[in-house]
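Some notes on the structure that comes next.
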Amino acid sequence: MAKKKRLRLIAEMARKIRAYRELKSRPRESQKYALDYETMRRPLTGKMLPVLAWQDVRRESHLFSLLAGMRLFGVGRMLTRKSWLEDHPEPSYWQITKIKVDYTAEDMDHGRAWGTLTYKGKQESEIKEVEKVMYHDWRLIPKDMEQQFRDFQPLPEPPVRYAPYPPLLRAMLLAQRGKAGGRAVTEEPALPLKRDVVLNKDYFRRQEQEHQRKEGTAV
């Protein structure tokens, strides 16, 4: 009969206490992401921000700097990022649905946010946490422009013209190309789903001859 394992209650309690103390001693986001704007260093870690980010950090705001001064911390409002406005012609934005503020921060400009993401005009139905809230390129979309962002109609997806080859046939094609060229082949072979037929004069001449053969020559 197997011997029962003794429960070490004191050891288990000590482990839970150590885990709880580690959790409580973790730096809050207001401490972790604090920034000295003169030296561009984070006091907690001493790391310096990249030089290319200095200009945006001095002129732009992170997410909670915008939400802290708004009613209900901006729940229901739409926010976008400078990089999205510059890189994509389609609207990309977050619509805030939930906010969890770090009330220990001096200006209450730290915390976590959740919302629905619309990226390149395509809206996601799932509510998820907003990423990169500490980046200094967030922009608040004015209320008179929100409907313009919502009314955007994305262009239809282009039809699929090519499909990957089956694994065995793909391996045979790559091996054949490698033998012919004498070097490694990097281009991926693709199978066209629609065959392009070039219609020249000979095609129409053969069609006419075939029609005459079946119908006969008019008398």
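For the residues 22, 38, the requirement of being in a helix (DSSP H, G or I), without any contact (Cβ under 8 Å) to a residue 40 or more places away in the chain, of a type in the set (Asp, Glu) and surrounded by fewer than 15 Cβ atoms within 10 Å (Cβ to Cβ) singles out 22. Just one of (1) outside any loop (DSSP other than H, G, I, E, B); (2) in contact (Cβ under 8 Å) with a residue 12 or more places away in the chain; (3) more than 27 Å from residue 33 (Cα to Cα) fails for residue 169. It is (2). Residues satisfying the criterion are present in the range 124-140 (criterion: more than 19 Å from the chain's Cα centre (by Cα) and open to solvent by less than 100 Å² (accessible area, probe 1.4 Å)). Per the conditions (1) surrounded by 11 or more Cβ atoms within 10 Å (Cβ to Cβ); (2) more than 24 Å from residue 152 (Cβ to Cβ), the sole criterion not satisfied by residue 47 is (1). Out of curiosity, is residue 155 assigned to a loop (DSSP other than H, G, I, E, B), at pLDDT below 80, closer than 30 Å to residue 92 by Cβ and out of contact with any helix residue (DSSP H, G or I) (no Cβ under 6 Å at 6 or more places or on another chain)? Yes, satisfied. Residue-level check: of (1) farther than 24 Å from residue 52 by Cβ; (2) modelled with pLDDT of 85 or more, residue 92 misses just (1).
Under the condition of being among the hydrophobic types (A, V, I, L, M, F, W, C) and either in a loop (DSSP other than H, G, I, E, B) or open to solvent by 20 Å² or more (accessible area, probe 1.4 Å) (or both), the residues counted in the range 75-100 number 4. Return yes when residue 43 is more than 22 Å from residue 112 (Cβ to Cβ), in contact with a strand residue (DSSP E or B) (Cβ under 7 Å, 6 or more places away or on another chain) and not in a helix (DSSP H, G or I) and no when it is not. Considered against the rule, which asks whether it is more than 22 Å from residue 112 (Cβ to Cβ), in contact with a strand residue (DSSP E or B) (Cβ under 7 Å, 6 or more places away or on another chain) and not in a helix (DSSP H, G or I), residue 43 comes out as no.
The values are calculated or read from the model by the stated rules, or taken from the named source; none is laboratory data. Values in this document were obtained by computation on a predicted structure and should not be read as measured data. For neighbour counting, all protein chains shown are included, and Cβ atoms are generated from backbone atoms with ideal geometry for every residue, glycine included. Accessible surface areas use protein heavy atoms only, side chains included; no ligands, DNA or RNA. Shrake-Rupley method; radii C 1.70, N 1.55, O 1.52, S 1.80 Å.
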